[in-house]
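Visitor: Sharing a structure below in structure tokens format, with a few things to ask.
The values are calculated or read from the model by the stated rules, or taken from the named source; none is laboratory data. Just so you know, these numbers come straight off a predicted model, no measurement behind them. Positions of Cβ are generated from backbone atoms using ideal geometry, with glycine treated the same way; all protein chains shown enter the neighbour counts.
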Amino acid sequence: MEYQNNISVGGFHTGHVQGIAVDKNREYMYYSFTTCLVKTDMEGNIVGTVKGLAGHLGCIAYCEEDGRVYGSLEYKHDAIGSGILKKMDQQIEVTDGFYIAIFDVTKIDRMDMDAEKDGVMTSVYLKEVVNDYMAPGHRYACSGIDGTTFAPIPGSNNGSHSDKKYLYVAYGIYSDVERKDNDYQVILRYDTTDWSKYEKPLNQINMHRQGPAKPDSKYFVYTGNTAYGIQNLEYDPYTNYMFAAVYRGHKEEFPNYPMFVIDITKEANAEQLKGIGHEGEVLALARVGEYHKATGVYGYHFDYGATGIIALGDGYYYFSHDKKSGEEGYGTTVKLYRYHSQNGFTIV
């Protein structure tokens, strides 16, 4: 299949691009611009936008089972949350909370649709994330959530597209170099089949608390600390890997790769978590890319992906090359890459 390369979209003043997704029929692409979801055709022509979010919309993922787009949505009073409210000139007092935003993208057909009022978005509350974020010292250095993707249960996948897919949600992780308990990525797994009982329209003045009490599983991935955890998480059925793009960490004892590859063909193993002091279910990094012998960490020195990855399913990938702000606003150009386990990603 031929893919369009150099798909450009921009002119947004809502914040930089956080994630990208494409529908299974390759008809439309979706972009998160922090407080705005954008729908375009495959040449970058805008079909519609959803605005009005007073929180941080991060990585987004298309669900083939229900044809909707899921994304991490944060409401918090740290520097990021305060900056969003200031940029939007919002006077509302949002409550700290972490949600999955679910967009019925078939309804997005015009510019400036309202996330609260136009019936295009519902949300589900993630209590587990709030508990860790609100714990003394932010348990696991949890700063919220960002990376999202749909993938099979670790160890169960045989390469079949019929395998049941679950929603994976990655924590944001504070980058405090003095801490010893923040060297793992934390990823929650949810079965979204019965989430209709939790889904509520967004009301940012009176935030709901409807959602699962616990995730189906909670996984840890030993990578060394990063700057705010997994920014984009993307499952690729072609390789049976999950690609995790991060902003490089600053602890000198680690290699600080910006791209990690999680091997979900392997089951999670119960291990004592280094620096944390209790046991957890640990997912293995794939033995691809560069190997850092001192820490046992594998990864790639590949600097794209933190603002968007799409695995196209046949060895090809889209990566966002984001454009920073200016008078013209934020934008991105999506470029086509090919993956090889030894050489990593090469532009087409």
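Visitor: Just a yes or no: is a residue in the range 306-324 over 19 Å from the mean Cα position of the chain (by Cα), under 18 Å from residue 226 (Cβ atoms) and not aromatic (Phe, Trp, Tyr)?
Guide: There is no residue in the range 306-324 that is over 19 Å from the mean Cα position of the chain (by Cα), under 18 Å from residue 226 (Cβ atoms) and not aromatic (Phe, Trp, Tyr).
Visitor: Note down all Cβ pairs under 7 Å where the first residue falls in the range 1-27 and is small (Gly, Ala, Ser), the second is in a loop (DSSP other than H, G, I, E, B), and they're at least six residues apart or on different chains.
Guide: Cβ pairs passing all conditions: 8/44; 10/328; 10/329; 11/328; 11/329; 15/33; 15/35; 19/308.
Visitor: Write out, first by first residue and then by second, each pair whose Cβ atoms fall under 9 Å of each other, whose residues are 6+ apart or on separate chains, and whose first residue, in the range 276-293, is on the phi > 0 side of the Ramachandran plot while the second is part of a loop (DSSP other than H, G, I, E, B).
Guide: Taking only residues 6 or more apart or on different chains, the pairs are 277/181; 289/257; 289/301; 289/302; 289/341; 289/342.
Visitor: Follow-up. For the structure I just gave you, tell me whether residue 236 is without any contact (Cβ under 8 Å) to a residue 40 or more places away in the chain and closer than 29 Å to residue 345 by Cα.
Guide: no
Visitor: Just the residues that are in contact with a Phe, Trp or Tyr (Cβ under 8 Å, 6 or more places away or on another chain), free of Cβ contacts under 8 Å to residues at least 60 places away in the same chain and in a loop (DSSP other than H, G, I, E, B), please, taken from the range 300-324.
Guide: Residues satisfying the conditions are 301, 302, 304.
Visitor: Where in the range 98-209 are there strands (runs of 3 or more DSSP E), lying fully within it, with 1 or more residues that are in contact with a Pro (Cβ under 8 Å, 6 or more places away or on another chain)?
Guide: On the way: elements: 121-125, 142-151, 166-173, 184-190.
So the answer is 121-125, 166-173, 184-190.
Visitor: Could you list, in sequence order, all residues of the range 36-55 that are at pLDDT below 95 and closer than 21 Å to residue 147 by Cα?
Guide: 53, 54, 55
Visitor: Being closer than 21 Å to residue 18 by Cβ and surrounded by fewer than 23 Cβ atoms within 10 Å (Cβ to Cβ): is that true of residue 320 here? Steps first, please.
Guide: Values: closer than 21 Å to residue 18 by Cβ: yes; surrounded by fewer than 23 Cβ atoms within 10 Å (Cβ to Cβ): no.
Against the criterion (closer than 21 Å to residue 18 by Cβ and surrounded by fewer than 23 Cβ atoms within 10 Å (Cβ to Cβ)), residue 320 does not qualify.
Yes/no matrix, rows are residues, columns are (1) under 16 Å from the mean Cα position of the chain (by Cα); (2) among the polar types (S, T, N, Q); (3) at pLDDT 95 or above:
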| position | (1), (2), (3) |
| --- | --- |
| 164 | no, no, no |
| 172 | yes, no, yes |
| 180 | no, no, yes |
| 187 | yes, no, yes |
| 204 | no, yes, no |
| 209 | no, no, yes |
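Visitor: What are the residues in the range 325-343 that are within 22 Å of residue 147 (Cα to Cα) and without any contact (Cβ under 8 Å) to a residue 60 or more places away in the chain, if any?
Guide: Hits for the range 325-343 are 337, 338.
Visitor: Also, I was wondering about something else. Read through the list (1) over 21 Å from the mean Cα position of the chain (by Cα); (2) among the acidic types (Asp, Glu); (3) assigned to a strand (DSSP E or B), then give the number of the only condition that residue 327 fails.
Guide: (3)
Visitor: If you don't mind, there's one more thing I want to ask. Which one of the conditions (1) touching a residue at least 40 places away in the same chain (Cβ under 8 Å); (2) under 17 Å from residue 174 (Cβ atoms); (3) assigned to a loop (DSSP other than H, G, I, E, B) does residue 256 fail to meet, given that it meets all the rest?
Guide: Result: residue 256 fails condition (1) only.
Visitor: Of these, 135, 115, which one is aliphatic (A, V, I, L, M) and surrounded by 22 or more Cβ atoms within 10 Å (Cβ to Cβ)? Please lay out each step first, then the result.
Guide: Working: 135 fails: surrounded by 22 or more Cβ atoms within 10 Å (Cβ to Cβ).
Criteria check complete, one pass: 115.
Visitor: Mind listing just one residue for me: the one in the range 212-248 that is acidic (Asp, Glu) and under 15 Å from the mean Cα position of the chain (by Cα) and, of those, surrounded by the fewest Cβ atoms within 10 Å (Cβ to Cβ)?
Guide: Just the residues of the range 212-248 that are acidic (Asp, Glu), to begin with: 216, 234, 236.
With the extra rule that they be under 15 Å from the mean Cα position of the chain (by Cα), the set shrinks to 234, 236.
Details: 234: 29, 236: 22.
Out of the qualifying residues, it is 236.
Visitor: With the structure loaded, tell me whether residue 124 is of a type in the set (A, V, I, L, M, F, W, C) and in contact (Cβ under 8 Å) with a residue 40 or more places away in the chain or whether it fails that test.
Guide: yes
Visitor: Please determine, by comparing only the residues of the range 167-211 that are surrounded by fewer than 15 Cβ atoms within 10 Å (Cβ to Cβ) and among the aliphatic types (A, V, I, L, M), which one is farthest from residue 225 (Cα to Cα).
Guide: 205
Residues checked against (1) at pLDDT below 95; (2) surrounded by fewer than 16 Cβ atoms within 10 Å (Cβ to Cβ):
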site	(1), (2)
60	no, no
67	no, yes
74	no, no
77	yes, yes
86	yes, yes
90	yes, yes
94	yes, no
109	no, yes
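Visitor: Mind listing whichever residues of the range 11-21 are within 20 Å of residue 73 (Cβ to Cβ) and part of a strand (DSSP E or B)?
Guide: Scanning the range 11-21 gives 12, 19, 20, 21.
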